[in-house]
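Report on the following structure.
The values are calculated or read from the model by the stated rules, or taken from the named source; none is laboratory data. Given the structure is predicted, the values throughout are model-derived calculations rather than measurements. For neighbour counting, all protein chains shown are included, and Cβ atoms are generated from backbone atoms with ideal geometry for every residue, glycine included. In case anyone asks, the SASA skips ligands and DNA or RNA and just uses the protein heavy atoms, side chains included. Shrake-Rupley method; radii C 1.70, N 1.55, O 1.52, S 1.80 Å.
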Amino acid sequence: MFAREKVELKRVPMMPVRDMVIFPQMMTPFIVGREASVRALEEALAGDKKIFLATQHDASVDDPKPKEIYQVGTLANVVQSVKLPDGNIKVLVEGVERAKIVQLSNEEGFFRATVRLLPVRVEATPQVEQLVARVSGLFDQYAKLSQSLNYDTMVAAVRTEDPARLSDMIAANLPLPVEDKQELLEIFDPLERLARLAEILDFEIEKLNVDRTINTRVKRQMERAQKEYYLNEKLKAIQKELGRGEKSEFDELKRRIEASGMPAEVREKAMQELKRLEMMPPMSAESTVSRNYLDWLLAVPWKKRSREIRDITVAERILEEDHYGLEKIKERILEYLAVRQLVRNPKGSILCFLGPPGVGKTSLAMSIGRATGRKFVRVSLGGVRDEAEVRGHRRTYIGALPGQIIQMMKKAGTVNPVFVLDEVDKMSMDFRGDPSAALMEVLDPELNHCFVDHYLDVEYDLSRVMFICTANVLHTIPQPLQDRMEILRLAGYTDQEKLEIAKRFLVRKQREAAGLSERNILFTDEAILHIVRHYTREAGVRNLEREIGSICRKVARRVVKDGKELVVEVGPDGVAEFLGVMKYRDVWAEKKNEVGLATGLAWTEVGGQVLGTEATLMPGKGRLTLTGKLGDVMQESAQAAMSYVRSRAAHFGLPNDFYRHLDIHVHVPEGAIPKDGPSAGITIATAIVSALTRVPARCDVAMTGEITLRGKVLPIGGVKEKLLAAHRMGLRQVILPKDNEKDLAEIPPEIQAAVAIKFVETMDEVLSLALEQPLPAASVPVVEVSPKFEPVVEKDQGLTN
Ligand SMILES: Nc1ncnc2c1ncn2[C@@H]1O[C@H](COP(=O)(O)OP(=O)(O)OP(=O)(O)O)[C@@H](O)[C@H]1O
Ligand SMILES: [Mg+2]
């Protein structure tokens with residue numbers, strides 16, 4: 001444009017301007033009113049139309065002194081001037097060049113200024129170009145963000161590569177305070193000006209960005225709040241329309257919390273949660289979670305309790321009504337109930353019914369509920385392996401729920417139900433935690449008044465609940481849990497007892513379930529015994545009940561076909577007709593005596609069992625193999641039996657090193673049923689001795705007992721179940737350890753009459769009773785086996801399995 005080579009002085013009329021800074025290169029319109037200014041303008045118009053414009057410090061001053069005017073201003077051309085009707089003049093000026101006042105005089109009634117014009121020279125170096133590009137870019141960005149500038153016109157206006165021009169154009173167009181603009185005007189060096197502009201633009205862009213995010217956020221929030229408000233109002237209107245009244249659900253919740261009878265801390269927590277809920281938007285996921293939680297807090301019983309029946313004779317009658325036999329157990333239950341009545345806050349023991357399936361454990365527990373007038377709830381712990389199933393998940397998990405204990409309390413609806421924990425022996429533990437630990441807290445009378453469910457997260461008092469556990473076996477229940485329970489054993493039933501139970505309960509139950517009247521069907525005693533002996537083989541009565549049920553249904557079908565008057569009398573033949581061929585016909589006693597096969601009695605999950613135990617010999621190197629799913633204790637007891645046999649080899653007429661050339665395999669059939677315990681010791685020893693000496697063992701003699709290395713016989717558990725099983729299988733002789741003689745008291749007389757029981761103290765006695773013939777005289781070699789083997793060269797490994 002113009003490039004001044006040297007400094008120049010110029011004397012021109014001067015006009016102070018208020019509130020604005022005129023930049024070179026700018027066309028600016030403004031109104032001139034002050035008399036002095038009008039004079040200066042006239043003077044300029046009369047001359048070369050040049051006028052100097054400088055901003056006054058304070059815009060409100062009408063008659064500024066020279067020192068109240070900025071020293072740097074702009075020399076401008078007056079392009080146009082129009083006289084307005086009100087006497088003011090509208091002018092359009094075009095800035096030409098910045099200049100600095102050297103001297104200012106006011107003699108002619110207006111200012112006349114002597115100004116210094118400075119040389120301007122800019123070389124187009126790469127740095128300059130870079131700076132120009134940067135500032136253009138920044139301005140572009142700024143114009144885009146800014147709402148007050150018209151982007152298109154602005155960007156078009158500043159499209160220039162001349163740094164001086166560019167900087168002045170931008171400075172003139174930026175909405176900056178007068179002081180800042182003046183500062184820019186006072187920078188004579190265009191590059192310096194550009195650099196300063198870049199700073200300013202950076203800062204302004206940042207400001208706009210922040211503004212923008214805040215604005216959008218505010219806007220969004222306002223929109224959401226408005227929407228919620230609108231929806232809420234609408235909801236209220238709808239509810240009003242539906243006649244639900246003005247009363248909000250929160251008031252209702254509050255009322256329920258107050259009426260629930262929660263302890264103070266829980267109520268406080270519930271109220272807090274309610275407050276939180278009120279603040280939440282009603283349809284949000286968060287509020288659903290909070291709502292559910294409150295519902296759970298309100299759903300579990302806090303004070304409602306069943307009126308207990310305290311009359312012991314009523315309890316006695318009910319127990320008698322529901323179950324046959326079980327005298328001892330019933331007595332014990334009545335004692336237990338009596339104590340709970342006498343003691344005000346009974347921290348009593350927890351009952352655990354232990355026994356094989358189908359002997360009435362669960363149904364006894366139900367009877368107790370009935371006998372005490374309490375509600376009855378039941379959880380099955382079989383297969384529970386996760387602590388959370390007992391104690392719940394924390395509320396932070398999606399879909400979290402309370403554990404079984406709290407869920408069942410909700411179901412019971414009272415604080416004092418009879419709570420049956422079925423199958424405590426079938427719980428397992430893994431990485432998800434140990435449910436038995438949680439259960440311990442439930443069952444320990446010292447701890448269960450402040451049981452904490454992870455979901456509810458408040459203390460819940462379980463001390464008024466009457467817990468009853470049931471289990472089939474004891475050894476899988478963790479010891480600490482066992483310590484907290486009082487174990488009541490229910491053994492199996494004898495055939496006679498089963499007959500009575502069937503006559504009194506099962507037939508009626510199944511008849512009614514099938515919709516038959518008393519006249520339609522009648523079972524003879526022989527028929528029931530026939531079912532017991534030939535269609536079921538169990539300690540309890542579950543299968544018996546099932547078979548009776550299946551006969552009832554078949555009769556029901558006939559009744560439907562032949563009319564209601566049909567009368568069916570079911571005898572043993574009828575049973576065969578309805579149920580098909582006998583399921584269990586072979587009775588143990590009908591078997592033949594065999595070498596290496598001894599008859600043992602075991603006590604498994606399903607009650608007593610008769611187990612044939614086989615031993616067989618093979619050429620080998622002295623290995624002992626055990627199969628049939630034997631537990632650790634049982635395996636050890638087999639090893640002990642083997643060691644006993646080895647130590648007594650001479651006595652059995654065996655060479656001392658007989659085992660070096662043999663492998664012995666012991667198998668206990670029904671391989672699928674897990675077996676454990678030491679009580680098979682004497683049976684395994686008998687089978688091994690029989691196999692080694694080739695003397696057959698008697699198949700009609702059953703035995704049970706633990707063996708020591710010296711051949712002593714130690715007592716075992718489960719005598720009653722084992723005798724019942726022996727009897728069930730038709731075995732007429734049983735060998736028991738001498739120390740179990742005391743158990744005879746609880747054996748039903750009919751069993752004692754039918755089974756000859758021999759008590760023994762040593763293995764020798766066992767062998768003399770269980771083997772078909774006395775053992776061959778000592779020193780007779782084992783002819784059939786040992787001579788055939790080569791001597792074993794390698795070192796003796798001992799017997800291992
Ligand atoms: N002494 C009895 N008098 C009358 N009914 C009986 C008797 N014993 C068992 N029952 C009946 O036998 C059925 C099975 O009993 P229940 O379900 O209580 O067995 P359980 O011992 O709990 O078995 P599990 O260990 O398999 O759970 C029930 O219908 C029950 O009423
Ligand atoms: Mg049960």
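Solvent-accessible surface of the chain, taken per residue with a 1.4 Å probe and all protein chains present: 51 Å².
Going by a ≥ b ≥ c, the root eigenvalues of the Cα gyration tensor, does the range 205-303 fall in the rounded group (a/c under 1.5), the prolate group (a/b larger than b/c) or the oblate group?
Numbers: a/c = 3.97, a/b = 1.82, b/c = 2.18.
It comes out oblate by the Cα gyration axes.
Between helix 719-728 and the chain there is an angle of about 60 degrees, using the helix long axis and the longest principal axis of the Cα atoms.
Count neighbours as other Cβ atoms within 10 Å of each site's Cβ, and list the trypsin sites (Lys or Arg not before Pro) in the range 492-601 that are DSSP loop with at most 10 such neighbours. Show your work: numbers first, answer last.
Values: sites: 498, 503, 504, 508, 509, 511, 519, 533, 537, 542, 546, 553, 554, 557, 558, 561, 564, 583, 585, 591, 592; in loops: 519, 537, 564, 583, 585, 591, 592.
The qualifying sites are 564, 585, 592.
Any chance you could run the full-extension gain for residue 165 through residue 220? It's 0.36 nm times the residue separation minus the Cα-Cα distance, nm to one decimal.
Values: separation 55, 0.36 × 55 = 19.80 nm, distance 4.21 nm.
Full extension from residue 165 to residue 220 adds 15.6 nm.
In a fully extended conformation the segment linking residue 129 and residue 331 would gain 62.0 nm over its present Cα-Cα distance, using 0.36 nm per residue.
Projected label points at residue 212 and residue 116, each 7 Å from Cα along the beta carbon direction, are separated by 4.5 nanometres. A crude spin-label estimate for the pair residue 180 and residue 298, with each label 7 Å from Cα along the Cβ direction, gives 5.8 nm.
Taking 4.7 Å between C-beta atoms as the pairing limit, the chain has these partnerless cysteines: 450, 552, 699.
With a 1.4 Å probe and all protein chains left in place, how much of the accessible area of the range 603-756 comes from carbon and sulfur atoms, in whole percent?
51
For an R0 of 22 angstrom, estimate the FRET efficiency from the Cβ-Cβ distance between residue 57 and residue 145 and round to the nearest 0.05.
Efficiency, rounded to the nearest 0.05: 0.10.
Its DSSP H runs of at least 4 residues, each contributing -39,500 (n - 2.57), put the calculated 222 nm mean residue ellipticity of the chain at -12500 deg cm²/dmol, to the nearest 500. In the range 387-496, the portion of solvent-accessible area held by carbon and sulfur atoms comes to 52 percent [1.4 Å probe, whole percent, DNA, RNA and ligands not counted]. The GluC sites (Glu not before Pro) found in the range 114-209 that occupy coil by DSSP, while having at most 12 further C-beta atoms within 10 Å, are 123, 161. Note on residue 483/residue 739: beta-carbon distance plugged into 1/(1 + (r/R0)^6) with R0 of 22 Å gives a FRET efficiency of 0.30.
Check each of the chymotrypsin sites (Phe, Trp or Tyr not before Pro) in the range 173-270 and keep only those in coil by DSSP with at most 16 other C-beta atoms within 10 angstrom; list them in order. Can you show the working numbers first?
Details: sites: 188, 203, 229, 230, 250; in loops: 188.
Qualifying residues, ordered by number: 188.
Placing unit charges on the Cβ atoms of the charged side chains and taking the dipole of the range 611-751 about its Cα centre, the candidate lying farthest along the positive direction among 744, 717, 649 is 649.
For the range 366-483, a/c is not less than 1.5, where a ≥ b ≥ c are the root eigenvalues of the C-alpha gyration tensor, and a/b does not top b/c. That puts it in the oblate class.
Kindly rank 292-299, 76-83 from highest to lowest mean number of other beta carbons found within 10 Å of each residue.
Working: 292-299: 17.8, 76-83: 15.2.
Final packing ranking: 292-299, 76-83.
So which aspartates and glutamates can residue 564 reach, going by Cα to Cα under 19 Å and dropping same-chain residues fewer than 8 places off? Those aspartates and glutamates meeting the cut-off are 512, 518. Spacing of the modelled spin labels on residue 268 and residue 105, each 7 Å from Cα toward Cβ, amounts to 9.1 nm. With 26 Å as the limit on Cα-Cα distance, the pairs of 503/591; 375/720; 509/561 that go past it are 503/591; 375/720.
Sort 51-57, 326-332 for me by packing, meaning the mean count of neighbouring Cβ atoms within 10 Å per residue, highest on top.
Ranking the peptides 51-57, 326-332 by packing returns 51-57, 326-332.
Taking amide H as placed 1.01 Å from N in the peptide plane, the amide H of residue 488 sits under 5 Å from that of 352, 353, 354, each at least 5 places away or on another chain. Computed 3J(HN,Hα) for the range 487-496, one whole-Hz value per residue from the Karplus formula 6.51 cos²θ - 1.76 cosθ + 1.60 where θ = phi - 60°, is 7, 10, 8, 10, 7, x, 9, 7, 4, 4, glycine and proline marked x.
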